[in-house]
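Data first, discussion second: the structure below is written as structure tokens.
A short reminder: the numbers here are calculations on the coordinates, not readings from a lab. All values reported here derive from a predicted model rather than from experimental measurement. Reconstructed Cβ throughout: ideal geometry from the backbone, glycine too, with neighbour counts over all protein chains shown.
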Amino acid sequence: MSDFWVTEAMNGFGMTVQVEAELCRRQSKFQKIELYQTAKLGRLLLLDGIIQLTDFDEFAYHEMMANLPLFAHENPRRVLVIGGGDGGVLRELGRHPELEVMDICEIDEEVIQVAREFLPEISCGFDDPRVKIHIADGSEFVRNHPEEYDVIIVDSTDPGGPGAPLFGEEFYRNMKRALRPGGVIATQAESPYLLPEIVARLHAVSRRIFSSVGYGAIMVPTYPTGMIGACVASDGGDVRIPKREVPPELAAQLRYYTSDVHRAAFANPAFVNRLFA
Ligand code: SAM
């Protein structure tokens, strides 16, 4: 067994994973990209030292980021992913034949290249013919695409680094303008144990802009504190209630998302509700 462990350290927490080999290390224009073969969890991707995914539990995050907003919408056809350069959210969107447009706006082309080379089971999301890749800052992109999308999913890094503009109120207002009537957004909204002030701020910002807002919890063991959440918001009705049944062919492919999980994810503990009060 290897004695080599990699730790993501943030806010006094550490998430440590045993690794066997370094597969890739590079500095892109935007961030440090590292990829490891772990002892027990498949591959591990870090950006600027922050865990983005492992093969072991990426399905939980990617299924929820895709399916919470898709099922909060009655009839989604046009979807935009911001960030998401590993392809995992696209892979989950690809399971939905009703989608016509799957645009992705990723700032860092090198993340896509690394995922394509080392994470084929995740980056296969890019192979869908409906996918159109835009290499740009997502905050600029939404400003220039009014009323185009039914669903916008922000699969971003944390607020430090290139993800910073994706956590501001102006970005949320521009996302609303980029939505068609009844549109839904879902954004990577951090953990209430680790970054409560960010969870609270994203919720407050969304409430100023949208009539329905929910924080959907997602259990992901390899993120520090074991959880993360999606801020889901819309003017098209209560996002906490799925608008459609999961078709059986899709349900058979999923490992995390169900209609019950959708409803349950938005039942927040008291200390989280107080963050939103
Ligand atoms: N699931 C992950 C996590 O732990 O939160 C996020 C994964 S995904 C790899 C995050 C992506 O967001 C990165 O590839 C990063 O380059 C991209 N990103 C960061 N800031 C961005 C911006 N302003 N516009 C578009 N993409 C951005």
- Query: Rounded if a/c is under 1.5, else prolate if a/b is larger than b/c, else oblate: which is the range 191-277, with a ≥ b ≥ c the root eigenvalues of its Cα gyration tensor?
  - Reply: oblate
- Query: What's the FRET efficiency of GLU22 with GLU109 using the Cβ-Cβ distance as r and R₀ = 22 Å, to the nearest 0.05?
  - Reply: 0.55
- Show that you can apply the helix-only estimate: for the chain, add -39,500 (n - 2.57) for every DSSP H stretch of four or more residues, divide by all residues, and state [θ] at 222 nm to the nearest 500. -8000 deg cm²/dmol
- Report, as a whole number in µm² per second, the diffusion coefficient that Stokes-Einstein gives for the range 4-54 at 4 °C and 1.567 mPa s using the Kirkwood radius over alpha carbon pairs. 117 µm²/s
- Projected onto their principal axes, the Cα atoms of the range 160-201 stretch, largest extent first, over whole-Å spans of 34, 21, 13
- Message: Given points 7 Å out from each Cα along the Cα-Cβ axis, report the ARG143 to ARG77 separation in nanometres with one decimal.
- Response: 2.9 nm
- Item | Over the range 3-155: Rg over Rh, Cα atoms, Kirkwood Rh | 0.99
- Which of the GluC sites (Glu not before Pro) found in the range 65-103 are loop residues per DSSP with 10 or fewer other Cβ atoms within 10 Å of their Cβ? GLU98
- Note on the structure: Candidate cut points under trypsin sites (Lys or Arg not before Pro) in the range 1-64, DSSP loop plus at most 11 other Cβ atoms within 10 Å of their own Cβ, are LYS29, LYS40
- Item | Most positive-pole-ward Cα, HIS134, THR225, PHE59, against dipole of the chain from beta carbon charges | THR225
- Item | Cα long-axis angle, helix 169-178 against the chain (0 to 90 degrees, to the nearest 10) | 60 degrees
- Query: Where nothing but the Cβ of Lys and Arg (+1) and of Asp and Glu (-1) is charged, how large is the charge dipole of the range 80-162 around its Cα centre, in debye to the nearest 20?
  - Reply: 120 debye
- Message: At 0.692 mPa s and 37 °C, plugging the Kirkwood radius over alpha-carbon pairs of the range 58-276 into Stokes-Einstein gives what diffusion coefficient in µm²/s?
- Response: 193 µm²/s
- Using the number of other C-beta atoms within 10 angstrom as an exposure proxy, rank LEU41, LEU254, LEU179 with the fewest first. LEU254, LEU41, LEU179
- Expressed as a rounded percentage, what relative contact order does the chain have, with Cα pairs under 8 Å and six or more residues apart? 17 percent
- Query: Who wins for biggest fluctuation among ILE152, ILE104, ILE50 in a Gaussian network model of the chain, springs between alpha carbons below 10 Å?
  - Reply: ILE50
- At what distance in nm do the modelled label points of ARG208 and ASP260 sit from each other, each positioned 7 Å from its Cα along Cα→Cβ? 3.9 nm
- In a Gaussian network model of the chain with springs linking alpha carbons closer than 10 Å, the residue among ALA60, ALA186, ALA164 that fluctuates most is ALA164
